[in-house]
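In what follows, a structure is listed as structure tokens, so that the remarks can point back to it.
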Amino acid sequence: MKPKVLLDKKLFELIINRLCYELIENHDDFRNTVIIGIQPRGVVLAELIYRRLKKIAPKIALQYGALDITFFRDDFRRREDPVLANTTKIDFLIEGKRVILVDDVLFTGRTIRSAFDALLAFGRPDAIELLVLIERRFSLQVPVNPKYVGKSVDSIASQRVLVKWKIDGEPDKVILHTSTDE
Amino acid sequence: MNNSLSVKHLLGIKQLTPEDIQLIFHHAEKFKKVINQPIKKVPSLRDITIANLFFENSTRTKLSFELAEKRLSADIVNFSSSGSSVKKGETLIDTVNNILSMKIDMVVMRHSSPGAPHFLKENTNTVIVNAGDGTHEHPTQGLLDSFSIREKIGDLKGKKVAIVGDIKHSRVALSNIFCLQKQGAEVMVCGPATLIPRHIKELGVQVEYDLVKAVEWADAVNMLRIQIERQASCDKEVPNFPSLREYSNLYQLNKEVLIKAKNKPLILHPGPINRGVEITTELADGEQSVVLQQVENGVAIRMAVIYLLASHIKR
């Protein structure tokens, strides 16, 4: 079966813009807000949103970081092949800040749960808000509720939702793969 | 890059592949960031118990392993042979099996007999990390030395490293030789002929008896400690050199040697330093020295090794 395109380039752009305006609506000048992307794919989205926000409102004072959750995963020693660690780059404390946590796809919610643990190393934030490009409905295994959602999709566990970024050499888009595709 | 090590134990660098070494370095970089965070801990090894068995004296290696384990949230038990049943005549296997029956997942062991961890691997059922076995290997030291050089002067391929001093009694030397060569570095050993093992050239290293020439050649020099305690136990009758004073006259790294050699290589020392014997205080604390970085990197390297080995332990 041909993979289904969930978001094409045009819709993708619209959604990114909408998410940015939603953030501006809630965070004003972002003075007390930081944006943190989860490695690896959340960082790409966080970067994109960060740049877009700066373009829309050049005066905002937003700090930006990348968080790797490998050492905080709850499936260490349960996987056949361990996950290769990535880089955490947060050069500021999040104590008393509002954190916008960014990931590309929300599936089981376990990555986000691990991210909460990983974030604690940098202080106690005032609040954490979750932003995802794609929310896969009916698949959560832990109670995690995103505040900003690009698009909600219905999919079954055997399907894969893939976000293709420009850095992959393709235009930004989101694709739904079913297990019979490959 | 592979995601897991090709070995189930860390017995020596000899058993590691170049990819294993890169994987350990990759994780050590990440763990170095962790130990510089406001909260220096990750929960990865929460349900792993590690026994540190030190049948031989150690301060920094033991501390470093303990810290690494704690930073990974492992539970640990410590054992040192003084004051234990080893003194009552218990065998190594019995001691270890008794400890293992308390549900231990991993053993970090230092022992004065070369090959002790290999012997343990054959006779017990646990993950083993060699923290130094006699004059044989000290793999985590070899790794952290390379990691420290790499941090300062980049990829080791084609780089020149001289190991100076008591090569014969040094487990650090052998682990360093294997580790450096597996990364494509050239290795030279330097010291008095009595402290250079006779067939060491077969390992593919150069031998130099003149410290100035070695320093001139090297991008980094690793100054080993003169192991006074081993000289006494192994070679009581025939000393390897007439006196510490004569040794320092010929093999001490000092400012004059650097001037004569017209070179300023990176300076490493695995510690503990005999200040004024193999190296002067001025150079040990000088700008070319990475001695303290080595200690910091030691924790990160040990975290990486333990983390990667623990990923093989099934629940």
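The values are calculated or read from the model by the stated rules, or taken from the named source; none is laboratory data. Note that the coordinates shown come from a computational prediction; the quantities given were computed from them, not determined experimentally. Virtual Cβ from ideal backbone geometry, glycine too; neighbours counted across all protein chains shown.
Name the helices (runs of 4 or more DSSP H) wholly within the stretch B:211-315 that hold at least 2 residues that are in contact with a strand residue (DSSP E or B) (Cβ under 8 Å, 6 or more places away or on another chain), assigned by TED's automatic domain parsing to the domain that holds B:K62 and buried (at least 22 other Cβ atoms within 10 Å of the Cβ)? Spell out the reasoning first.
On the way: elements: B:211-217, B:228-234, B:244-251, B:255-261, B:281-284, B:291-310.
Output list reads B:291-310.
Which of the residues belonging to the stretch B:1-39 are part of a loop (DSSP other than H, G, I, E, B) and more than 8 Å from chain A (Cβ to nearest Cβ)?
Restricting attention to the stretch B:1-39, the residues satisfying the condition of being part of a loop (DSSP other than H, G, I, E, B) are B:1-9, B:11-12, B:16-17, B:35-39.
Listed by number, the residues that qualify are B:N2, B:L5, B:S6, B:V7, B:K8, B:H9, B:L11, B:G12, B:L16, B:T17, B:I35, B:N36.
Could you list all residues from the stretch B:64-98 that are in a helix (DSSP H, G or I) and crowded, with 17+ Cβ neighbours inside 10 Å? Show your work before the answer.
Taking the stretch B:64-98 and keeping what is in a helix (DSSP H, G or I), we get B:64-71, B:85-88, B:92-98.
Scanning the stretch B:64-98 gives B:S64, B:F65, B:E66, B:A68, B:E69, B:K70, B:R71, B:V86, B:L92, B:T95, B:V96.
Considering the stretch A:73-112 alone, what residues qualify as being among the small types (G, A, S) and either outside any loop (DSSP other than H, G, I, E, B) or within 14 Å of chain B (Cβ to nearest Cβ) (or both)?
Within the stretch A:73-112, the subset among the small types (G, A, S) is A:85, A:96, A:109.
Matches in the stretch A:73-112: A:A85, A:G96.
For the condition modelled with pLDDT under 90 and of a type in the set (A, V, I, L, M, F, W, C), what is the one hit in B:V42, B:V96, B:V34?
Working: B:V42 fails: modelled with pLDDT under 90; B:V34 fails: modelled with pLDDT under 90.
It is B:V96.
Could you check the stretch A:74-106 and list, in sequence order, the residues that are over 17 Å from B:N36 (Cβ atoms), surrounded by 20 or more Cβ atoms within 10 Å (Cβ to Cβ) and within 18 Å of the chain's Cα centre (by Cα)?
Selection gives A:V99, A:I100, A:L101, A:V102, A:D103, A:D104, A:V105, A:L106.
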